[in-house]
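> Quick one: the structure is below, questions incoming.
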Amino acid sequence: MDSVSGYESSSSSVSADTSRRYDFDGTSGLDPEKRHLTADLGGVDGKSVVVVGSGFGGLSTACYLAQAGADVTVLEKNEQLGGRASRLERDGFRFDMGPSWYLMPDVFEHFFADFGKHPSEYYGLTRLDPHYRIFFKDGDRVDMVQDLDENRKTFEAYEPGAADAFDDYLVKSKRNYQIGMDHFVYTDRPKLTDYIDTDVMRHAWGLSLVGSMQRHVEQYFDHPKLQQIMQYTLVFLGGAPTNTPALYNLMSHVDFNLGVYYPEGGLGAVVDGMVDLAEELGVTFHTDAEVQQIRGRRGGFVVRTDEEEYLADLVVSDADYAHTEQELLPPEKRQYSADYWDSRTYAPSAFLLYLGVEGDVEELEHHTLVLPTDWDDHFDRIFENPEWPDDPAYYLCVPSKTDDTVAPEGHSNLFALVPIAAGLEDTPEIRQEYRDLVLDDIAENTGVDLRDRIVLEESFCVNDFADRYNSEQGTALGLAHTLTQTALLRPPHVSQTVDGLYFTGSFTTPGIGVPMCLISGRLTAEAVGKTTPAE
């Protein structure tokens, strides 16, 4: 995809008011008394560190290590910083190519607070209302809004007693979020013995640690549409209702209580803010610097790109874990075999259409979901019997609804994202056929006919994820949050075969999603501190 513009820091204005400063301590999960790092990072002072990859995990780790006095260099394969949070800019349109939802705002506040900063020093925020719109393919439409009482009425209209069930569900979700974040997400527990602790067991009591999201939601709601509303956030975790642990009901607290936001300039502006912070801390960045090899040397590492070799005391890889192990390390230094990686369950890939469109798209909101009334078949075609879905569930993002800088006047900025199985065959012919199917489906189920209004179009799919991001099987996200790939069952932050090599990002704990990758960077830095004693 050679049309992606080069990385540059940008500032833009949104049409809504972004002057309000948001503080989330009242509903977040991290106890203010426990916000300090759990490891002394004094051992990294004066050490040279190469971070491979500039996704959110890599940027986060770089900031923590630089703050502790390390000499940090970040090497990025592509022409932009941000990893999967790339941007496409052309003809007056600007698209976030990757993540587009700003969720768990408390995590961003906690991250910047670790450096004595606040997100508002780097970008503005607008809270979206409605949070999102859902079109069901039987003709039904529903908005989820800021006002919880309105949402209660919506639930009650579908099912008598569902308003009270909604309240009960959110109470459980909030508790899971607060305890889960404080005692499990912000604390890495890589060994089984880490869970054999009185404090851990006390706080784990009553959490939804076993069972699937499907069975958990069914305890509260009978109506399939209400079940879908409470489960759609699983898309952000790369899972399905039947294979994602019930613990992730905490995402409903994220959705309904913490809210959905838009950062001024899109998620790319958050990347800009983190890069600015990192540079303030002394981090050096190199783009167009694809790492070809990580090899040991006496007392450290040589990290080789096509054009240069970098010497380092320590290395942190934010590249996909599987790629690092299989392609950058010699066979004797790998923790896992090729068979291990082939046996993993990967989060979906995606078929994406980036569209510049003439005129407005009034029927759509900033975030819009289009869902079949029975989405089991779509999930089956992702995880059980991989093939292109013929009745897809998908997501539409229209940032021009909020931000008048992302499209030329008189135009709309829109992208469509269809989750599909990782590893599917991806050819120009298949893309063209599926492009027509998606545009027809949008017209039929939302009333928005885009087909004769498109002035800019670009697609992105399995092969692009593999080529641009070295993504295993072209997954868009990483390892799925299945029952057997959560917590200590994910690959570790600390290499078990190479001293001084660490991992961060969505393959590690706590997992998939921008907030989780921010926390992953903190956990990786703590792991470095625990294994690099001060001299």
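The values are calculated or read from the model by the stated rules, or taken from the named source; none is laboratory data. Keep in mind that what you see is a predicted model, and the values were worked out from it rather than measured. We place every Cβ from the backbone using ideal geometry, glycine too, and count neighbours over all the protein chains shown.
> Cβ contacts < 8 Å: first residue assigned to a loop (DSSP other than H, G, I, E, B), restricted to the range 358-372; second residue of a type in the set (Gly, Ala, Ser), any location; separation 6+ or different chain. Result?
GLY359/GLY410; GLY359/SER412; ASP360/SER412; VAL361/SER412; GLU363/GLY447; PRO372/ALA393
> Out of curiosity, is THR508 in contact with a strand residue (DSSP E or B) (Cβ under 7 Å, 6 or more places away or on another chain) and crowded, with 22+ Cβ neighbours inside 10 Å?
Numbers: in contact with a strand residue (DSSP E or B) (Cβ under 7 Å, 6 or more places away or on another chain): no; crowded, with 22+ Cβ neighbours inside 10 Å: yes.
Considered against the rule, which asks whether it is in contact with a strand residue (DSSP E or B) (Cβ under 7 Å, 6 or more places away or on another chain) and crowded, with 22+ Cβ neighbours inside 10 Å, THR508 comes out as no.
> Answer yes if at least one residue in the range 347-360 is surrounded by fewer than 17 Cβ atoms within 10 Å (Cβ to Cβ) and either of a type in the set (Asp, Glu) or within 24 Å of the chain's Cα centre (by Cα) (or both), and no otherwise. Talk me through it step by step, then tell me what you get.
Residues of the range 347-360 surrounded by fewer than 17 Cβ atoms within 10 Å (Cβ to Cβ): 358-360.
Next, only the ones that are either of a type in the set (Asp, Glu) or within 24 Å of the chain's Cα centre (by Cα) (or both) stay: 358, 360.
Yes; the residues of the range 347-360 include at least one that is surrounded by fewer than 17 Cβ atoms within 10 Å (Cβ to Cβ) and either of a type in the set (Asp, Glu) or within 24 Å of the chain's Cα centre (by Cα) (or both).
> Is the range 363-384 home to any residue that is out of contact with any Phe, Trp or Tyr (no Cβ under 8 Å at 6 or more places or on another chain), of a type outside the set (Asp, Glu) and surrounded by fewer than 14 Cβ atoms within 10 Å (Cβ to Cβ)?
No, the range 363-384 contains no residue that is out of contact with any Phe, Trp or Tyr (no Cβ under 8 Å at 6 or more places or on another chain), of a type outside the set (Asp, Glu) and surrounded by fewer than 14 Cβ atoms within 10 Å (Cβ to Cβ).
> Inspect all residues belonging to the range 2-16 and state whether any of them is among the aliphatic types (A, V, I, L, M), modelled with pLDDT under 95 and in contact with a Leu (Cβ under 6 Å, 6 or more places away or on another chain). Spell out how you get there, then give the answer.
In the first step, residues of the range 2-16 are kept if they are among the aliphatic types (A, V, I, L, M); the result is 4, 14, 16.
Of the ones still in play, those that are also modelled with pLDDT under 95 are 4, 14, 16.
Those left that are additionally in contact with a Leu (Cβ under 6 Å, 6 or more places away or on another chain): 4.
The answer is yes, given that some residue of the range 2-16 is among the aliphatic types (A, V, I, L, M), modelled with pLDDT under 95 and in contact with a Leu (Cβ under 6 Å, 6 or more places away or on another chain).
> As an exercise: evaluate GLU325 against (1) touching a residue at least 24 places away in the same chain (Cβ under 8 Å); (2) not in a loop (DSSP other than H, G, I, E, B) and give the number of the one condition it does not meet.
(1)
> What are the residues in the range 328-354 that are basic (Lys, Arg), assigned to a loop (DSSP other than H, G, I, E, B) and farther than 19 Å from PHE383 by Cβ, if any? Reasoning before the result, please.
So in the range 328-354, the residues basic (Lys, Arg) come out as 333-334, 344.
With assigned to a loop (DSSP other than H, G, I, E, B) added as a condition, the list becomes 334, 344.
The answer is ARG334, and nothing else.
> Under 24 Å from the mean Cα position of the chain (by Cα) and free of Cβ contacts under 8 Å to residues at least 12 places away in the same chain, is that true of LEU489? Can you show your working first?
On the way: under 24 Å from the mean Cα position of the chain (by Cα): yes; free of Cβ contacts under 8 Å to residues at least 12 places away in the same chain: yes.
So LEU489 fits the description; yes.
> Would you check which residues across the range 85-98 are crowded, with 23+ Cβ neighbours inside 10 Å and in a loop (DSSP other than H, G, I, E, B) and list them?
Within the range 85-98, ALA85, SER86, MET97, GLY98 qualify.
> May I ask you to say which residue of ALA466, ALA443, ALA476 is part of a loop (DSSP other than H, G, I, E, B), aliphatic (A, V, I, L, M) and modelled with pLDDT of 95 or more?
Details: ALA466 fails: part of a loop (DSSP other than H, G, I, E, B); ALA443 fails: part of a loop (DSSP other than H, G, I, E, B).
Going through ALA466, ALA443, ALA476 in turn, the sole match is ALA476.
> Filter the range 246-276 for residues that are among the β-branched types (Val, Ile, Thr) and in a helix (DSSP H, G or I); which is surrounded by the most Cβ atoms within 10 Å (Cβ to Cβ)? Give the derivation first.
Let us first name the residues in the range 246-276 that are among the β-branched types (Val, Ile, Thr), namely 254, 260, 270-271, 275.
Adding the requirement that they be in a helix (DSSP H, G or I) leaves 254, 270-271, 275.
Working: VAL254: 26, VAL270: 26, VAL271: 30, VAL275: 22.
Looking at the filtered set, the residue picked out is VAL271.
> Give just the number: which of (1) in contact (Cβ under 8 Å) with a residue 24 or more places away in the chain; (2) assigned to a strand (DSSP E or B) does VAL302 not satisfy?
Against the list (1) in contact (Cβ under 8 Å) with a residue 24 or more places away in the chain; (2) assigned to a strand (DSSP E or B), VAL302 comes up short only on (1).
> Is there any pair linking a residue in the range 106-121 that is among the hydroxyl-bearing types (Ser, Thr, Tyr) to one that is surrounded by fewer than 20 Cβ atoms within 10 Å (Cβ to Cβ), with Cβ under 8 Å and at least six apart or on different chains, and which?
Listed by first residue and then by second, the contacts come to SER120/ARG21; SER120/TYR22.
> I would also like to ask the following. Could you figure out which of (1) closer than 22 Å to TYR262 by Cβ; (2) part of a helix (DSSP H, G or I) isn't true of TYR395?
Condition not satisfied by TYR395: (2).
> When the residues of the range 59-79 are filtered to those that are assigned to a helix (DSSP H, G or I) and more than 21 Å from the chain's Cα centre (by Cα), which remaining residue is surrounded by the most Cβ atoms within 10 Å (Cβ to Cβ)?
Our first condition is that a residue be assigned to a helix (DSSP H, G or I); within the range 59-79, this holds for 59-67.
Still in the running and more than 21 Å from the chain's Cα centre (by Cα): 65-67.
Working: LEU65: 29, ALA66: 25, GLN67: 22.
Taking the candidates together, the pick is LEU65.
> Shifting gears a bit: Among the listed residues THR475, THR405, which satisfies the condition of being under 27 Å from ARG133 (Cα atoms), touching a residue at least 24 places away in the same chain (Cβ under 8 Å) and within 17 Å of the chain's Cα centre (by Cα)? Let's see the steps before the verdict.
Details: THR405 fails: within 17 Å of the chain's Cα centre (by Cα).
One residue alone meets the criteria, THR475.
> Out of (1) under 30 Å from ASN243 (Cα atoms); (2) in a strand (DSSP E or B); (3) of a type in the set (Ser, Thr, Tyr), what's the single condition that is false for TYR310?
(1)
> Still on this structure, I have one more. Under the condition of being hydroxyl-bearing (Ser, Thr, Tyr) and assigned to a loop (DSSP other than H, G, I, E, B), which residue from the range 485-535 is nearest to THR38 (Cα to Cα)? Please lay out each step first, then the result.
Step one: filter the range 485-535 for residues hydroxyl-bearing (Ser, Thr, Tyr), giving 486, 495, 497, 502, 504, 506, 508-509, 520, 524, 531-532.
Filter once more, keeping what is assigned to a loop (DSSP other than H, G, I, E, B): 486, 495, 497, 504, 506, 508-509, 532.
On the way: THR486: 21, SER495: 19, THR497: 24, THR504: 17, SER506: 21, THR508: 18, THR509: 16, THR532: 14 Å.
Per the criteria, the residue is THR532.
> How about the range 135-185: which of its residues are among the β-branched types (Val, Ile, Thr), assigned to a helix (DSSP H, G or I) and either without any contact (Cβ under 8 Å) to a residue 40 or more places away in the chain or touching a strand residue (DSSP E or B) at 6+ places or on another chain (Cβ under 8 Å) (or both)? I'd like the intermediate steps shown before the answer.
From the range 135-185, those among the β-branched types (Val, Ile, Thr) are 142, 145, 154, 171, 179, 185; that's our starting set.
Those left that are additionally assigned to a helix (DSSP H, G or I): 154, 171, 179, 185.
Selection gives THR154, VAL171.
> If you don't mind, there's one more thing I want to ask. Kindly list the number of the only condition in (1) at pLDDT below 95; (2) of a type outside the set (Lys, Arg); (3) surrounded by fewer than 15 Cβ atoms within 10 Å (Cβ to Cβ) that fails for LEU41.
Here LEU41 clears every test but (3).
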